[in-house]
Amino acid sequence: MTRFALKRRQFLLGIGGLSAALLTGQPLRVEAQQPSLAELAKQRSLLWGAAISTEMLTIPDWAGLYRQQTRLLVPEWEMKWAVLQPDRDRFDFSRPDRLLTFARSYQAQLRGHTLLWHQQLPTWLNNLTATETATALQRYIDTVVGHYRGQLQSWDVINEPIAEDGYGLRPNRWLQQLGPNYLEQALRWARVADAQVPLVINDYGLEPDSPLATRKRQQLLQLVETLRDRDAPLQAIGFQAHLVANPQAPPSFTGFAEFLAELSRFDLDFYITELDVNDRALPANFAERDREVAHLYQRFLTAVLPTPRLKLVTTWGLSDRLSWLNQFAPRADGLPQRPLPFDFNFQPTETYGILVSLLQSQSVSN
Ligand code: 9MR
């Protein structure tokens, strides 16, 4: 078992920071009559899904919730480089293959996430020369995209290429070793390995009305212009949409909606890829917290759902139980975050109710 898998298993069993009592609070039950977000989304030609990992499949109610609520899955961490090529001469597709089998068992699709990212990289990639890095990259893309040829809904070829401060490209090892051309090159290699699969650039921090997000949007626009000028294969932009609740200054998304309209001249699809709400700044009380979280989902989706080229929405997980936020952005009061449409015990939260009514609503039609 990899280090990442072990960490998650401990977490799942309640020994990774959350109280075990939370695991036993309520009976676990997936309501058969609960409307399906995926079915509602489909009525507006939208694919609806969520990030998943193989641990989640070991709990029948959790797997059942995915079957009921999603038609699109994305591996939360098991399709990253450190997992797929742990040693230079060994590829291991067993985990994402299991997710693909699960997706197919109920006619759902799987998104590829992600080929190039500055995190979760195998250590053998360290200390390679520029030429060796380029060779390793090409082999990786060729092998991985080739393994899944014709089987995925889309591929996140490059994840988070924009610099954190919004000034220029992220100074990751590919930029440093191969220069800015690495983006175009990676897209082209992916296209050679699979002639059809939509290729995506995915990034975060682009959504709120803020000076930083505005800079990041400008930078992304420049990148898309450059890639288009050079005729690089690129079919969609993924916006992660890890939203952050802020009771003092609730985020708004006017600039983002305008940005999507501006980007539409490039003939690209838009994906919302990792939607959730970080509730660290919200009060402990569940009812109050859930109301604010749901409200933020509503503000965001009201701004983006009318976008004609919006093709899919995936939340970053489905149940709060294993949300990354509990590890990466824990609340100061030690309570678990409540960022997703279903709570720790797989019961629908206020966010779920808001999503149902938004997806049914005519006023945000696209
Ligand atoms: O949620 C993911 C977490 O479980 C993994 O440990 C981590 C490293 O692989 O990646 C997290 O997912 C990230 C995603 O791949 C890219 N955008 C940011 C997400 C949260 O960190």
**OP:** Hand me the list of helices (runs of 4 or more DSSP H) wholly inside region 59-118 holding 2 or more residues that are more than 15 Å from the ligand (Cβ to nearest atom).
**Re:** 60-69, 94-105
**OP:** Please determine, by comparing only the residues of region 56-82 that are open to solvent by less than 10 Å² (accessible area, probe 1.4 Å) and farther than 17 Å from T315 by Cβ, which one is farthest from the chain's Cα centre (by Cα).
**Re:** W81
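Residue-wise test of (1) within 16 Å of the ligand (Cβ to nearest atom); (2) within 16 Å of D156 (Cβ to Cβ); (3) open to solvent by 40 Å² or more (accessible area, probe 1.4 Å).
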{"residue": "D194", "(1), (2), (3)": "no, yes, no"}
{"residue": "V200", "(1), (2), (3)": "yes, yes, no"}
{"residue": "A213", "(1), (2), (3)": "yes, no, no"}
{"residue": "Q222", "(1), (2), (3)": "no, no, yes"}
{"residue": "L243", "(1), (2), (3)": "yes, no, no"}
Original post:
How many residues are touching a strand residue (DSSP E or B) at 6+ places or on another chain (Cβ under 7 Å) and assigned to a loop (DSSP other than H, G, I, E, B) when one looks only at region 183-217?
Top reply: 5
**OP:** Return the total of residues in region 49-58 being within 15 Å of the ligand (Cβ to nearest atom) and β-branched (V, I, T).
**Re:** 2
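Of the residues P251, P247, P180, which single one is away from the ligand (no atom under 16 Å from the Cβ), open to solvent by less than 40 Å² (accessible area, probe 1.4 Å) and outside any helix (DSSP H, G or I)?
Details: P247 fails: open to solvent by less than 40 Å² (accessible area, probe 1.4 Å); P180 fails: open to solvent by less than 40 Å² (accessible area, probe 1.4 Å).
Unique residue meeting the criteria: P251.
Could you list all residues from region 32-58 that are closer than 30 Å to P308 by Cβ and part of a helix (DSSP H, G or I)?
Of region 32-58, the ones closer than 30 Å to P308 by Cβ are 34-52.
The answer is L37, A38, E39, L40, A41, K42.
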**OP:** Among residues belonging to region 119-132 that are within 16 Å of the ligand (Cβ to nearest atom) and among the polar types (S, T, N, Q), point out the one that is surrounded by the fewest Cβ atoms within 10 Å (Cβ to Cβ).
**Re:** T123
**OP:** Please indicate, with yes or no, whether at least one residue in region 331-341 is within 16 Å of the ligand (Cβ to nearest atom), touching a strand residue (DSSP E or B) at 6+ places or on another chain (Cβ under 7 Å) and open to solvent by 10 Å² or more (accessible area, probe 1.4 Å).
**Re:** no
Subject >> Pairs where the first residue, in region 183-204, is closer than 17 Å to P161 by Cβ and touching a residue at least 40 places away in the same chain (Cβ under 8 Å) and the second is open to solvent by less than 10 Å² (accessible area, probe 1.4 Å) and polar (S, T, N, Q), C-beta under 6 Å, 6+ apart >> reply: V200/S154; N202/N159; N202/T273; Y204/Q240
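Counting just the residues of region 254-272 that are among the aromatic types (F, W, Y) and buried (at least 18 other Cβ atoms within 10 Å of the Cβ), which one comes out nearest to the ligand (Cβ to nearest atom)? Break it down into steps so the answer makes sense when it comes.
Residues of region 254-272 that are among the aromatic types (F, W, Y), as a first pass: 256, 259, 266, 270-271.
Those left that are additionally buried (at least 18 other Cβ atoms within 10 Å of the Cβ): 256, 259, 270-271.
Details: F256: 17, F259: 19, F270: 17, Y271: 13 Å.
By that ranking, first place goes to Y271.
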Subject >> Candidate set from region 88-99 (those that are under 16 Å from L115 (Cα atoms) and in contact (Cβ under 8 Å) with a residue 12 or more places away in the chain); member that is most open to solvent (accessible area, probe 1.4 Å) >> reply: R88
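When you check L275 against the structure, is it farther than 24 Å from S154 by Cβ, open to solvent by less than 10 Å² (accessible area, probe 1.4 Å), within 16 Å of the ligand (Cβ to nearest atom) and among the aliphatic types (A, V, I, L, M), yes or no? Before the answer, list the steps.
Values: farther than 24 Å from S154 by Cβ: no; open to solvent by less than 10 Å² (accessible area, probe 1.4 Å): yes; within 16 Å of the ligand (Cβ to nearest atom): yes; among the aliphatic types (A, V, I, L, M): yes.
No: the conditions fail for L275.
The values are calculated or read from the model by the stated rules, or taken from the named source; none is laboratory data. Just so we're clear, the structure is a prediction, and the values are computed from it rather than from any experiment. We place every Cβ from the backbone using ideal geometry, glycine too, and count neighbours over all the protein chains shown. Ligands, DNA and RNA are stripped out before the accessible areas are found, and what is left, the full protein with its side chains, is counted by its heavy atoms. Shrake-Rupley method; radii C 1.70, N 1.55, O 1.52, S 1.80 Å.
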